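Trainee: Okay, here's the structure, questions in a sec.
The values are calculated or read from the model by the stated rules, or taken from the named source; none is laboratory data. A quick note: this is a predicted structure, and the numbers were derived from the prediction, not measured. Positions of Cβ are generated from backbone atoms using ideal geometry, with glycine treated the same way; all protein chains shown enter the neighbour counts. The protein model used for the area step is the full one, side chains on, heavy atoms only, and it has no ligands, DNA or RNA in it. Shrake-Rupley method; radii C 1.70, N 1.55, O 1.52, S 1.80 Å.
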Amino acid sequence: MGKLGFIKILVIAGEAGRVTRRYPFKPETLVSEDFRGRIEFDETKCIGCGACVNACPPNALELVDKGDGTLLLKYFIGRCIFCWRCIDVCPTGAITGTRDFELATNDVSDLYEVVVHERAECSECGGKYSTIRQKEYVVEAVPITESYIDKCPDCRKNKLLRALERRRGGVYE
Amino acid sequence: MSKFLKKSIWVFHLNTGSCNACDIEILDVLTPYFDAERFGVKLVASPRHADALLMTGPVTLEALPKVINAIEATPRPRILIAMGSCSVGGGIWHDTYSTIGGVRELLKILKEREIEVDHVYYIPGCPIRPEAIIYAIGLIKGLVEKKISSKVKKAVRRTSG
Ligand code: SF4
Ligand code: SF4
Ligand code: SF4
């Protein structure tokens with residue numbers, strides 16, 4: 001190649017200019033419009049229904065019953081594959097997608113996001129079921145449910161069974 | 001931030017059973033377009049020459065003994081950088097029969113065998129973006145601030161009682 005070849009390379013390099021990105025020293029628009037990043041919860045909209053938990057392929061979302069009357073919706077970013085299926089299924093639009101990809105950390109506990117829900121209490125047996133927000137959501141959508149929604153599913157089922165028994169002349173309690 | 005982390009970090013790429021997308025992104029970071037070498041990051045061929053291990057994949061049972069050997073061969077102080085959702089939390093494979101489920105399980109196993117790891121970094125993403133890797137390098141070297149933190153939100157009820 002010799003000296004001349006080197007000059008050729010210089011010419012090519014001069015034409016191409018600087019291609020290296022200046023990130024992170026200079027802020028640049030790095031991601032496109034349809035890039036999918038971390039998701040975010042709107043705690044005023046989430047009802048704790050668990051539709052997103054069902055849809056999440058790697059179980060990055062979990063519903064955890066703490067046993068003290070609270071239900072936690074846990075989001076572990078470290079396991080999320082950023083598919084945004086949860087956004088598609090959420091009935092209340094509580095999840096928004098962000099373009100955020102700067103998630104590196106040296107402490108794994110930074111990667112958790114938790115929404116704390118209060119569980120509803122059954123007026124008959126006192127057991128915990130569903131969440132208060134979900135109850136409100138159902139009553140808002142279908143007002144007639146208000147007459148029986150303060151009982152847990154088990155009590156409702158028992159009530160129905162007892163009613164059936166009575167109609168068939170079955171045994172009374 | 002220790003002084004050691006501010007120097008050029010030589011890395012060894014440790015694939016523990018990933019789908020190769022994360023590995024492609026690591027190669028991407030080394031191209032002139034992203035150029036990780038401007039931070040002194042250099043890919044080396046043996047863990048004995050490395051400061052940090054770039055770990056991708058959820059650590060399959062087949063790879064586990066080799067991974068432990070590679071970590072043991074890295075001189076101290078050693079950094080383990082878990083890249084991608086697989087590596088950080090097991091990703092889509094977190095509960096399959098043939099993987100241990102990511103770096104947190106691996107750290108437990110290492111602790112049992114008394115193999116110490118001095119720094120662990122986590123980079124979520126599936127696959128991780130090249131910029132996310134560069135951001136992580138910046139974080140390790142103290143060039144950028146950590147942006148993510150854990151959040152606890154309380155659901156707001158409309159009615160009282
Ligand atoms: S309301 Fe949306 S975010 Fe809340 S649990 Fe249901 S699906 Fe998930
Ligand atoms: S984006 Fe996909 S992986 Fe992440 S929480 Fe939503 S459903 Fe789960
Ligand atoms: S995190 Fe995603 S892209 Fe990376 S190795 Fe795992 S499955 Fe593949």
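Trainee: Taking every DSSP beta bridge that has both residues in the protein assembly as shown, what percent is antiparallel when rounded to the nearest 5?
Mentor: Close to 50 percent.
Trainee: Just read off the accessible area of B:I109 with the full protein assembly in place, 1.4 Å probe, to the nearest 10 Å².
Mentor: Accessible surface of B:I109 is approximately 40 Å².
Trainee: Same structure again: At a probe size of 1.4 Å, how large is the accessible area of B:T60, to the nearest 10 Å²?
Mentor: Spelled out: B:T60, probe radius 1.4 Å, area about 40 Å².
Trainee: Chain pair B, A: how much accessible area is buried, both chains summed, with a 1.4 Å probe, in Å² to 100?
Mentor: Summed over both sides, the interface buries about 4300 Å².
Trainee: Mind giving me the nanometre distance, one decimal, between the label points for B:K6 and B:A73, set 7 Å out from Cα along Cα→Cβ?
Mentor: 3.2 nm
Trainee: Let me ask something else. For helix B:103-112, report the angle its Cα long axis makes with the longest principal axis of the Cα atoms of chain B; keep it between 0 and 90° and round to the nearest 10°.
Mentor: Here the helix axis deviates by roughly 70 degrees.
Trainee: To continue, here is another question. For chain A, report the accessible area per residue in Å² (1.4 Å probe, heavy atoms, rounded to an integer).
Mentor: Normalised by residue count, the accessible surface of chain A is 59 Å².
Trainee: Taking a cut-off of 16 Å between Cα atoms, list the lysines near B:K7, but don't count ones fewer than 8 places away on the same chain.
Mentor: B:K42, B:K141
Trainee: Ok, one more. Order A:R133, A:R162, A:R99, most accessible first, counting only protein heavy atoms with a 1.4 angstrom probe.
Mentor: Reading off the accessible areas and sorting them downward yields A:R99, A:R162, A:R133.
Trainee: With all protein chains present, how much of the accessible area of the stretch B:3-159 (probe radius 1.4 Å) comes from carbon and sulfur, to the nearest whole percent?
Mentor: Carbon with sulfur: 55 percent of the solvent-accessible area.
Trainee: Something else about it: State, to one decimal in nm², a quarter of the convex hull surface area for the C-alpha atoms of the stretch A:23-168, i.e. the direction-averaged projected area.
Mentor: 12.0 nm²
Trainee: Within chain B, which is the longest segment that contains none of the chymotrypsin sites (Phe, Trp or Tyr not before Pro) sitting in a DSSP loop with at most 11 other Cβ atoms within 10 Å?
Mentor: Counting at most 11 other Cβ atoms within 10 Å as exposed, the longest clean stretch of chain B is B:98-161.
Trainee: Find the percent of Cα-Cα distances in the stretch B:12-75 that exceed 14 Å, and round it to a whole number.
Mentor: 59 percent
Trainee: Sticking with this structure for a sec: What are the extents of the Cα atoms of the protein assembly as shown along their three principal axes, listed from largest to smallest and rounded to whole Å?
Mentor: Ordered largest first, the protein assembly as shown gives principal extents of 105, 48, 34 Å.
Trainee: State, to one decimal in nm, how far the label point of B:L61 lies from the label point of B:T96, with both points 7 Å from Cα in the Cβ direction.
Mentor: Output for this residue pair reads 1.3 nm.
Trainee: Sequence neighbours fewer than 8 away in the same chain don't count; with that in mind, list the lysines whose C-alpha is under 17 Å from B:K108.
Mentor: Partners within reach: B:K66.
Trainee: Another question, if that's okay. Return the FRET efficiency for the residue pair A:D65, A:D88: r is the Cβ-Cβ distance, R0 is 30 Å, and the value is rounded to the nearest 0.05.
Mentor: Efficiency at R0 = 30 Å is approximately 0.75.
Trainee: Accessible area per residue of the stretch B:17-100 at 1.4 Å probe, in Å²?
Mentor: Spelled out: the 1.4 Å probe surface of the stretch B:17-100, per residue, equals 42 Å².
Trainee: Another one. Quote the Stokes-Einstein diffusion coefficient, in whole µm² s⁻¹, for the stretch B:24-122, based on the Kirkwood radius over alpha carbon pairs, a temperature of 20 °C and a viscosity of 1.002 mPa s.
Mentor: 152 µm²/s
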